[in-house]
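**Student:** First, the structure itself, so that you have it in front of you.
Bear in mind these aren't lab numbers, they're just calculated from the coordinates by the rules spelled out. Given the structure is predicted, the values throughout are model-derived calculations rather than measurements.
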Amino acid sequence: MELYAERGFDQTTVADIAERAGLTKRTFFRHYADKRDVLFAGMTPLRDAVIRAVAAAPADLSPVAAATRGLEAAAAQIQERPEDVQLRQAIIDAHLELQERELAKLFALTNDIATALRERGLDLWTARLIAESGMSTFRVAFARWIADSAQGSLTQVIRESMADLAAAIAKS
């Protein structure tokens, strides 16, 4: 991340990254497919936390509330290192190929949420609708949080955004 900030993503090579980390290129490639993967390495623990939170939500909790618990679990991890998150997002925002990769990762996470909701007994289309709506709300909340210099709690911004969505739906 430091190298991307110093030199730019396009000008940073795998050799540069390996050298800075005190690794060989071969060791780098044991852990990452390419230099883009460095930016997305935290997705597996994030995904696992989201799925666990949805699955662990009390059975009497609404599907929307269960999905929100999953999104809050993601937020809890993301907000731990706001400076790194801001830097990562700036790098992604500056490169279309990274934006595409980010969207693919978020799409996979949306599918994971829908699957977790299905395992709670929800039908396919309702689970998909809630997962897609929740992820869209998450993305807006994340953008708001980044725009506010990642100050405060991302979890709280997600709660407020979900409440805003519920209020908007109730008015329609």
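**Student:** What angle do you read, to the nearest 10 degrees and between 0 and 90, between the alpha-carbon axis of helix 154-171 and the longest principal axis of the chain?
**Tutor:** The helix 154-171 is inclined about 40 degrees to the chain.
**Student:** Nearest 10 degrees, 0 to 90: what angle lies between the long axis of helix 63-78 and the longest principal axis of the chain (Cα atoms)?
**Tutor:** That works out to roughly 20 degrees.
**Student:** Kindly provide the helix-only [θ] at 222 nm of the chain, computed as the sum of -39,500 (n - 2.57) over DSSP H runs of four or more divided by all residues, to the nearest 500 deg cm²/dmol? Don't skip to the end; give the middle numbers.
**Tutor:** Numbers: 9 runs with 129 residues, N = 172.
Here the helix-only value at 222 nm equals -24500 deg cm²/dmol.
**Student:** In whole Å, what are the Cα extents of region 1-41 along the three principal axes, biggest one first?
**Tutor:** Extents along the principal axes, in whole Å: 24, 20, 13.
**Student:** Apply the Karplus curve 6.51 cos²θ - 1.76 cosθ + 1.60, θ = phi - 60°, to the phi angles in region 142-153 and return the couplings in whole Hz, x for Gly and Pro.
**Tutor:** Rounded to whole hertz, the list is 4, 4, 4, 5, 5, 4, 8, 6, 6, 8, x, 9.
**Student:** Ok, one more. What is the angle, in °, between the Cα long axis of helix 82-93 and the longest principal axis of the Cα atoms in the chain? Nearest 10 is fine, range 0 to 90.
**Tutor:** In the chain, helix 82-93 runs at an angle near 80 degrees to the longest axis.
**Student:** Determine ³J(HN,Hα), in whole Hz, for all residues of region 44-55 in sequence, where each value follows from phi through the Karplus function 6.51 cos²θ - 1.76 cosθ + 1.60 and θ = phi - 60°; x replaces Gly and Pro.
**Tutor:** Ordered by residue, 3J(HN,Hα) equals 5, x, 5, 4, 4, 5, 5, 4, 4, 5, 5, 5 Hz.
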